[in-house]
1. Are any residues in the stretch 113-124 crowded, with 20+ Cβ neighbours inside 10 Å and either of a type outside the set (Val, Ile, Thr) or over 23 Å from Gly289 (Cβ atoms) (or both), and if so, which ones?
2. Within the stretch 165-175, is there a residue that is farther than 29 Å from Asn253 by Cβ and touching a residue at least 24 places away in the same chain (Cβ under 8 Å)?
3. Conditions: (1) closer than 24 Å to Asn351 by Cα; (2) surrounded by fewer than 16 Cβ atoms within 10 Å (Cβ to Cβ); (3) touching a strand residue (DSSP E or B) at 6+ places or on another chain (Cβ under 8 Å); (4) at pLDDT below 95. Ala2 meets all but one. Number of the miss?
4. Determine whether the stretch 240-262 contains at least one residue that is free of Cβ contacts under 8 Å to residues at least 60 places away in the same chain, away from the ligand (no atom under 16 Å from the Cβ), assigned to a helix (DSSP H, G or I) and under 27 Å from Val194 (Cβ atoms).
5. Look at Gln117 and say whether it is touching a Gly at 6+ places or on another chain (Cβ under 7 Å), without any contact (Cβ under 8 Å) to a residue 60 or more places away in the chain and away from the ligand (no atom under 15 Å from the Cβ).
6. Pairs, please: C-beta under 6 Å, at least 6 apart or cross-chain, first residue over 16 Å from Val83 (Cα atoms) and within 10 Å of the ligand (Cβ to nearest atom) and in the stretch 94-109, second of a type outside the set (A, V, I, L, M) and outside any loop (DSSP other than H, G, I, E, B)?
7. Among the numbered criteria (1) in contact with a Pro (Cβ under 6 Å, 6 or more places away or on another chain); (2) under 12 Å from Ala93 (Cβ atoms), which one does Ala325 miss?
Amino acid sequence: MALQILKISNCLIQYGRLWDGVTDALSGPGTLCIKDGLICDAAGFLPAKKHDLSQLTLLPALIDCHLHLCLPSCSTTELSKRVLSLLAAGVAAVRDAGSSSPSAFSLPPLRMVTTGQAIGRAGFYGAQLGIQAENAVDAALIIDNLASSGVNQIKLIASGIFSFNSYGEVGPPPFSVEELSIITNRALRYNLPVMAHASGDEAVRRCLQAGVHSIEHGYFMSKETLRRLADSGTCWVPTLSPVYAQLDGRPGNGQASLEVIKRSLEKQMQLVSEAAELGVTMGAGTDAGAPGVFHGPSLHREISLLAECGLPLPRAMRTATADAAAICGLTEDMGTVAPGRKPYLLAVKNNPLESLDALKNIEYLLLPS
Ligand SMILES: [Zn+2]
């Protein structure tokens with residue numbers, strides 16, 4: 001049966017089992033109350049509408065912490081298709097990590113955390129993801145414009161992209177620590193967290209010194225830098241999927257490139273496993289829109305890859321629920337099942353804390369109406 005979308009505002013939901021998005025075990029059976037579009041304590045509230053999901057497991061709907069809705073193209077038809085495939089995979093919210101499109105857009109019922117145009121530096125990587133500043137002062141002026149256009153976070157391109165031909169190579173970092181500090185401080189003036197595309201040890205280290213909110217990718221950082229990341233409380237979105245997708249015999253990758261890609265993925269998975277031990281808050285971000293990474297199903301792949309790094313399943317699932325909500329600034333609304341949150345929920349047949357295959361059988365996506 002294909003997934004059904006239910007929009008709810010006042011109802012009772014009878015569930016067989018419940019995962020709250022945080023803890024290590026399921027609870028239930030029980031009843032969840034939705035009052036005026038919010039999850040509430042059930043006492044004394046008797047709405048006419050009841051949903052019988054007593055054979056199913058209820059859990060928070062998923063969040064993709066890093067994708068590009070406008071890649072590889074930004075036509076209205078393509079965007080609608082992507083929204084449908086995200087919803088079909090149980091993804092109710094996404095953080096868009098930048099596009100070259102200057103106009104803001106929303107795609108209801110998908111919840112979007114927007115960054116608008118990513119900010120890079122002229123002459124460096126990233127022109128296709130947004131706008132390139134001449135210098136930090138110019139970047140600060142771009143932030144003024146993005147803030148007035150209503151973005152939720154700032155996407156900063158603080159490094160190059162890693163080479164498939166030469167292991168560990170990412171190009172020179174485009175901004176100095178001083179410049180990065182000017183940029184992050186300008187964003188803070190508007191209460192806008194900075195998500196920084198940063199790979200290579202030097203770029204990640206500079207971003208940490210400048211106080212960014214999240215490190216995106218973070219390929220090839222050293223153990224020492226990972227420790228600094230952990231100590232600073234900065235979040236990390238390790239985006240394993242775009243590298244994994246390159247292993248899939250993509251055209252143009254010769255044997256030598258495949259060796260580099262394989263080694264890079266292994267290195268990143270090792271870092272994830274160490275980050276888990278250090279207690280780093282990690283988010284599942286697919287980088288969907290990158291070659292071979294598709295909007296929606298790739299989030300299941302990303303969670304599986306994180307689990308393969310040694311994250312226990314509840315922890316791996318948290319990267320797309322509670323921890324993802326923290327990274328994306330959505331904690332007040334979603335990511336956990338708790339009174340006061342909005343009912344962004346999934347109902348699945350099996351137990352996702354036992355097998356991630358449960359995500360392949362999503363029966364319902366519940367959304368606030
Ligand atoms: Zn990206």
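1. Quick first cut of the stretch 113-124, residues crowded, with 20+ Cβ neighbours inside 10 Å only: 113-121.
Scanning the stretch 113-124 gives Gly116, Gln117, Ala118, Gly120, Arg121.
2. Narrowing the stretch 165-175 to residues farther than 29 Å from Asn253 by Cβ: 175.
Applying the additional criterion that residues be touching a residue at least 24 places away in the same chain (Cβ under 8 Å) yields 175.
Looking for residues that are farther than 29 Å from Asn253 by Cβ and touching a residue at least 24 places away in the same chain (Cβ under 8 Å), one finds at least one in the stretch 165-175, hence yes.
3. The number of the failed condition is (3).
4. No, the stretch 240-262 contains no residue that is free of Cβ contacts under 8 Å to residues at least 60 places away in the same chain, away from the ligand (no atom under 16 Å from the Cβ), assigned to a helix (DSSP H, G or I) and under 27 Å from Val194 (Cβ atoms).
5. Details: touching a Gly at 6+ places or on another chain (Cβ under 7 Å): yes; without any contact (Cβ under 8 Å) to a residue 60 or more places away in the chain: yes; away from the ligand (no atom under 15 Å from the Cβ): no.
The answer is no for Gln117.
6. Gly98/Gly130; Gly98/Lys155
7. Exception for Ala325: condition (1).
Each row is one residue, and each column tells you yes or no for (1) polar (S, T, N, Q); (2) exposed (fewer than 15 other Cβ atoms within 10 Å of the Cβ); (3) over 21 Å from the mean Cα position of the chain (by Cα).
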position	(1), (2), (3)
Gly126	no, no, no
Ala133	no, no, yes
Ala136	no, no, yes
Ala140	no, no, yes
Asn145	yes, yes, yes
Ser148	yes, yes, yes
Ala158	no, no, no
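The values are calculated or read from the model by the stated rules, or taken from the named source; none is laboratory data. Just so it is clear, the model here is predicted, and its values are computed rather than measured. When we count neighbours, we look across all protein chains shown, and the Cβ atoms used for this are built from the backbone with ideal geometry, even at glycine.
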